[in-house]
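Any read-out appearing in this document is the output of simple, stated calculations on the displayed coordinates, not a laboratory observation. Model, not experiment: these values are computed from the prediction. Don't worry about glycine lacking a Cβ; one is built from the backbone with ideal geometry, like all the others, and counts go over all protein chains shown.
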Amino acid sequence: MTAADPIVSAATPPSTLPTEPTRWTLWSDRLNPILVREVLQSVKGRVFALTVFVALLVSVVIAVVTVNAYEPRGDAGRMAFNAGIATLMPLLIFVVPMQAYQSMRLELRGGIVEQLLLSRLVPRRILWGKLQAALVQFVLYVAVLAPLLATSYLLRGVDLPTILVSLLFALCACVAATAFAVSSAAQGVLPAMQPLANLATAAGLGLASFAFVGFAGSGAYTYSVGWLVRSNECTLTIVGIALATAAAVVLSLLVAQSFLLHAFENKSTGFRVFLFALPVVAFGWVLAFMPRSSHDEFLAVFGMSLLVVGIVFGQFMVTEQRELSPRLRAHVPKSRLASLVAAPFLPGRDRGMACLVLYLAWLGGLVAVLWPGTSSRWIGELLRSAGLCVPYAIVYLGLGRWLRGFLPSSVAGNHVARVLLPLAVVVFMILPALVDLMLRGDVRGWHVGHVMNPFWTIDVHNRAEAWSSVLPWAIGVSIGGLLLQVPAMVRGQAEVAAAAAVRRERARTA
Amino acid sequence: MSAPLLEVRELWRSYPRVQAVRDLSFTLERGQITGFVGPNGAGKTTTMRIAATLDVPDRGDVFVEGTSVLVEPRAARARIGYMSDQFHPYPNLDVLEFLDFFARAQGLRGRQRLTTVRSVASFCGLLEFADRPATGLSKGMGQRLHLAKTMLHDPSLLILDEPASGLDPRARIEFRALLKELAAAGKGILISSHILPELGEMCDAVVVLERGRRVVSGTIAEIQKAVQHEQAVTMRVLGDADAAERFLLTWPGVGSLRRDGARFVFPFAGDETALGELLARAIAAGVRVVEFTRTEADLEDIFLQTTKGNLQ
Ligand SMILES: Nc1ncnc2c1ncn2[C@@H]1O[C@H](COP(=O)(O)OP(=O)(O)OP(=O)(O)O)[C@@H](O)[C@H]1O
Ligand SMILES: [Mg+2]
């Protein structure tokens with residue numbers, strides 16, 4: 001009801017409520033509504049007051065102990081800093097994320113989140129609001145412990161860069177843990193997953209903060225950071241940790257968002273673009289910070305890891321529902337070229353397969369272009385293993401896409417397929433071994449019946465250095481597997497092209 | 001002609017083992033209040049959630065002012081105020097803060113937000129409770145807060161799922177007046193309720209659902225006409241009730257006769273002329289009629305006659 005509405009403005013309210021916007025009202029208009037509400041709620045709530053009080057108390061105790069134990073040239077300052085960090089960390093990686101977790105859970109349980117989704121807040125803004133609220137709490141907690149940290153500096157226990165870098169890492173940990181907590185709370189949309197999510201989050205965050213208290217309390221954290229600050233690996237580590245944090249946050253938020261979005265909205269493109277960005281960021285970091293002599297190691301290790309990440313993402317991509325939702329069909333890019341390029345990034349398992357193939361090419365291409373050459377034996381082996389993984393990825397993910405076709409076309413079908421596919425791999429690993437056991441009494445060695453067991457097959461051939469004899473097979477299977485997927489991939493592209501054509505037609509007639 | 005405010009078109013939605021909505025179609029115009037009734041599990045909430053973009057159908061579509069809720073859920077959301085059948089406010093917020101938050105979420109800013117929150121709160125009679133904690137409200141007050149929140153963005157279509165449950169009689173009357181006022185201002189309201197007499201009083205039209213299927217729909221007058229031929233007639237006589245009974249039993253169109261002393265209740269198949277004829281002949285035959293009424297079907301009768309009490 002806007003102010004202009006006749007009925008509502010007719011009923012003039014008694015003038016107990018403010019009508020003139022205060023400065024706070026105007027200023028807070030620019031903030032995320034979720035942030036405003038979370039801050040308001042925690043100011044009024046008990047948990048925040050309690051934790052601030054405890055933190056203050058602890059810092060006073062530490063200060064008193066430190067002052068009593070003070071002797072010139074002693075390490076009282078360092079001890080105070082360790083104790084301060086050890087107090088701060090559980091607040092940052094347990095209390096703050098758990099608060100975000102609780103608030104998300106509450107919204108989901110009460111159906112409030114649906115009311116939010118019906119407003120103009122899109123899931124992305126809701127999630128950002130939660131992260132921003134966590135940042136505000138971070139600042140407040142740090143402020144509470146600031147006097148203590150300042151004391152430790154004044155006592156010459158720790159230098160300023162160490163304090164700053166410690167806080168920076170604490171910030172990364174806090175934000176990543178909060179994003180993780182929010183995303184595992186969002187999975188509570190599926191009630192079956194809720195107990196699991198509860199347990200995993202509380203246990204994960206609890207263990208992490210417990211471990212950290214030990215790490216920081218013993219002084220090992222301050223020592224490591226102090227060492228890092230003085231070493232020449234400082235920048236690359238900070239950038240690396242910041243990038244890893246950013247990736248973890250983005251991934252968590254994508255996951256959370258996929259649970260909150262309308263069933264017909266696009267839940268896939270974000271993940272697919274994220275996947276394609278990973279090699280760029282990782283290899284960019286290597287090129288920027290690593291000496292040329294170690295490029296081969298990093299490219300090989302990162303390349304292999306990114307291949308595995310791609311396969312994991314691929315498992316999700318090839319088990320989606322096949323068709324575009326009515327909403328997405330109405331919103332595909334209109335132009336022929338744009339729809340062609342965008343298609344592999346649009347939802348649907350056929351396009352998911354195409355996306356995976358493109359990713360493999362993208363990753364392989366990047367590694368090939370940046371490859372400095374190597375003489376190291378283990379790197380060669382790693383690369384060969386990666387090469388042998390490719391046919392397996394294509395065959396198994398193709399199989400997954402095919403299996404998905406037999407399941408109901410609901411979202412539940414996607415989930416079932418995602419369980420069935422890894423199960424299929426396990427079955428293909430166990431079955432030949434069982435047959436061996438029954439026919440020969442034991443599992444003696446690799447034979448061609450075990451060819452669907454990727455781990456063993458790759459290991460055996462790497463060990464035997466039978467690379468040249470497997471290579472034609474690997475290439476043959478990859479090409480064969482790809483050819484089998486071509487009709488599906490074409491169908492996926494064609495659906496988008498058809499939708500784009502419909503849009504162009506509409507635009508012409510309208 | 002512009003598109004109807006709400007059009008539900010051939011909607012299907014199934015859950016495992018239950019077909020919640022089957023081939024449901026109906027429309028709702030601006031300024032109209034449509035009652036959505038049916039036994040428990042008939043599929044009312046399911047339909048409303050689909051219309052409110054919170055669920056998706058297996059087949060079919062819903063259009064709000066011509067906009068498909070499946071193709072343009074966000075555009076549709078701006079036009080819909082959906083009040084679900086449950087309400088859980090945030091802890092640690094008072095009534096006004098709660099409304100203020102949702103006003104922010106609806107993108108209202110500055111002075112506009114203040115005035116909107118104020119007028120909506122006053123419209124829903126919440127001003128006295130402005131500084132109460134939102135979680136500490138009584139059920140009825142909670143419903144008012146829920147409705148206020150639903151109206152913040154001035155939606156043209158209100159979808160209210162059992163909004164009157166838990167309201168006391170006075171609050172219910174006020175609530176009814178409130179909805180009528182909204183309808184008079186041109187808003188369309190789809191309202192589900194199990195309190196049929198009340199719906200009958202404020203609704204222009206009803207859609208009766210059973211096991212996901214529409215069994216009857218239309219304006220109340222239309223439906224009354226449609227089911228009229230089965231309407232009950234009550235007749236009370238003085239004197240020889242047995243003779244009256246014999247007379248009635250021979251009359252064509254009189255259905256299964258129930259007798260309670262000198263009072264007869266029977267369904268009568270026939271129009272008003274036939275009924276007038278019956279009365280005239282009865283009097284001519286010496287039956288001393290002191291009471292003769294035909295009860296109009298109210299929503300409750302319509303409901304009982306059209307649904308079979310099949311739950312799912
Ligand atoms: N999430 C769900 N999972 C499984 N079945 C569901 C779900 N939601 C609703 N149903 C089933 O769909 C049918 C219709 O439910 P719905 O809530 O729409 O009925 P309703 O008309 O609102 O009933 P009531 O008058 O009790 O509120 C019921 O049989 C119900 O059991
Ligand atoms: Mg219901």
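On full extension, the segment bounded by A:Thr509 and A:Arg440 gains 17.6 nm, given 0.36 nm per residue less the C-alpha separation.
In this label model, A:Glu297 and A:Leu26 are separated by 6.0 nm, measuring between points 7 Å along each Cα→Cβ vector.
The alpha carbon radius of gyration of the range A:270-358, expressed as a multiple of 2.2 N^0.38 Å, is 1.33.
Using C-alpha pairs under 8 Å with a sequence gap of at least 6, the mean separation divided by the residue count of the range B:190-311 gives a relative contact order of 34 percent. Straight-line reach from A:Lys44: taking Cα to Cα under 20 Å and skipping same-chain neighbours fewer than 8 places apart, the lysines in range are A:Lys130.
Rounded to the nearest whole angstrom, the semi-axes of the ellipsoid equivalent to the range A:386-458, taken from the Cα gyration tensor as √(5λ), stand at 28, 16, 8, largest first. Only lysines eight or more places from B:Lys149 in sequence, or on another chain, were considered; those with a Cα closer than 21 Å are B:Lys139, B:Lys180, B:Lys187.
To the nearest 20 debye, what charge dipole does the range B:194-271 have about its Cα centre, counting +1 at the Cβ of each Lys and Arg and -1 at the Cβ of each Asp and Glu? Mind showing how you got there, number by number?
On the way: 9 positive and 11 negative charges, 50 e Å.
Dipole magnitude for the range B:194-271 comes out near 240 debye.
Here's how it looks for B:Ala20: its modeled amide H is under 5 Å from those of B:Arg13, B:Ser14, B:Tyr15, which are all 5 or more places away or on a different chain.
Between beta-carbons, use under 12 Å as the cut-off and find the net charge around A:Val502, counting Lys and Arg +1, Asp and Glu -1.
Working: positive: A:Arg329, A:Lys334, A:Arg503, A:Arg504, A:Arg506, A:Arg508; negative: A:Glu495, A:Glu505.
Summing Lys/Arg as +1 and Asp/Glu as -1 gives +4.
Each part gets one Cα centre, and for the range A:325-399 versus the range A:255-295 those centres are 13 Å apart.
Over all distinct Cα pairs, what is the inverse of the mean 1/r for the range B:155-213, reported as the Kirkwood hydrodynamic radius in Å?
On the way: mean 1/r = 0.0822 Å⁻¹.
Hydrodynamic radius (Kirkwood, Cα pairs) of the range B:155-213 is 12.2 Å.
Working from the Cα coordinates of the range A:23-118, the gyration tensor eigenvalues give, after taking √(5λ), semi-axes of 38, 16, 11 Å in decreasing order. Extending 7 Å from Cα along the Cβ direction at B:Ile195 and again at A:Val136 yields two label points whose distance is 3.9 nm. At an R0 of 41 angstrom, the distance between the Cβ atoms of B:Ser25 and A:Ala424 translates into a FRET efficiency of 0.40. Work out, step by step, the length gained on full extension between B:Leu275 and B:Lys139: first 0.36 nm times the residue separation, then minus their alpha carbon distance; give nm to one decimal. Fully extending the segment from B:Leu275 to B:Lys139 adds 44.2 nm. In the protein assembly as shown, taking the dipole from charged Cβ atoms about the Cα centre, the farthest positive-side position among A:Met98, A:Gly270, B:Tyr90 is held by A:Gly270. Simple rule: put +1 on each Lys or Arg Cβ and -1 on each Asp or Glu Cβ in chain B, find the dipole, and look at B:Leu167, B:Gln143, B:Val233; the Cα lying farthest toward the positive end is B:Gln143. Within the range A:374-479, the trypsin sites (Lys or Arg not before Pro) that combine a DSSP coil assignment with at most 13 other C-beta atoms in a 10 angstrom radius are A:Arg444.
Inter-part distance, the range A:468-510 to the range A:116-171, computed on C-alpha centroids, equals 47 Å.
For the protein assembly as shown, state the semi-axes of the equivalent ellipsoid (square roots of 5 times the eigenvalues of the alpha-carbon gyration tensor), sorted largest first and rounded to whole angstrom.
Working: eigenvalues 789, 311, 108 Å².
After diagonalising the Cα gyration tensor, the semi-axes are 63, 39, 23 Å.
Can you figure out the FRET efficiency of A:Trp473 with A:Phe53, using R₀ = 60 Å and their beta-carbon distance, to the nearest 0.05? It comes out at approximately 0.35.
Filter the trypsin sites (Lys or Arg not before Pro) in the range B:39-92 down to the DSSP loop ones having no more than 11 other Cβ atoms within 10 Å, then list what survives. It would help to have the intermediate numbers written out before the result.
Values: sites: B:Lys44, B:Arg49, B:Arg59, B:Arg74, B:Arg77, B:Arg79; in loops: none.
Sites meeting the loop and neighbour criteria: none at all.
Could you work out the relative contact order of chain A? I mean the mean sequence separation of Cα pairs under 8 Å and 6+ apart, divided by the number of residues, in percent. Could you put the intermediate results ahead of the total?
Numbers: 512 pairs, mean separation 68.9, N = 510.
In percent, rounded to a whole number, it is 14.
Neighbouring Cβ atoms from other chains, within 10 Å of the Cβ of residues in B:98-110, number 6 on average. With the cut-off at under 19 Å, measuring from each backbone N in the range A:488-506 to a point 7 Å along the Cα-to-Cβ line of A:Leu340 picks out A:488-505. For the modelled label position 7 Å from the Cα of B:Ala243 along Cα-to-Cβ, which residues of the range B:253-271 have backbone nitrogen atoms closer than 20 Å? Those under the cut-off are B:259-265.
Across chain A, the longest piece that holds none of the chymotrypsin sites (Phe, Trp or Tyr not before Pro) lying in DSSP loops with up to 14 other C-beta atoms within 10 Å covers A:71-405.
Using C-alpha pairs below 8 Å separated by at least 6 residues, the relative contact order for the range B:174-218 is 23 percent.
Full-extension gain between A:Leu164 and A:Gln102, please, as 0.36 nm times their residue separation minus the C-alpha to C-alpha distance. Don't skip to the answer; put the middle values down first.
Numbers: separation 62, 0.36 × 62 = 22.32 nm, distance 2.98 nm.
This chain segment gains 19.3 nm when fully extended.
Give the distance, in whole Å, between the Cα centre of the range B:152-186 and the Cα centre of the range B:247-312. If you average the Cα positions of each part, the centres end up 36 Å apart. Here, P(r) means the percent of Cα pairs in each 5 Å bin from 0 to the largest distance; for the range A:212-302 it is 2, 11, 15, 16, 15, 13, 13, 8, 5, 2, 0.
What you get for the range B:1-133, charging only the Cβ of Lys and Arg (+1) and of Asp and Glu (-1), is a dipole of about 180 debye around the Cα centre.
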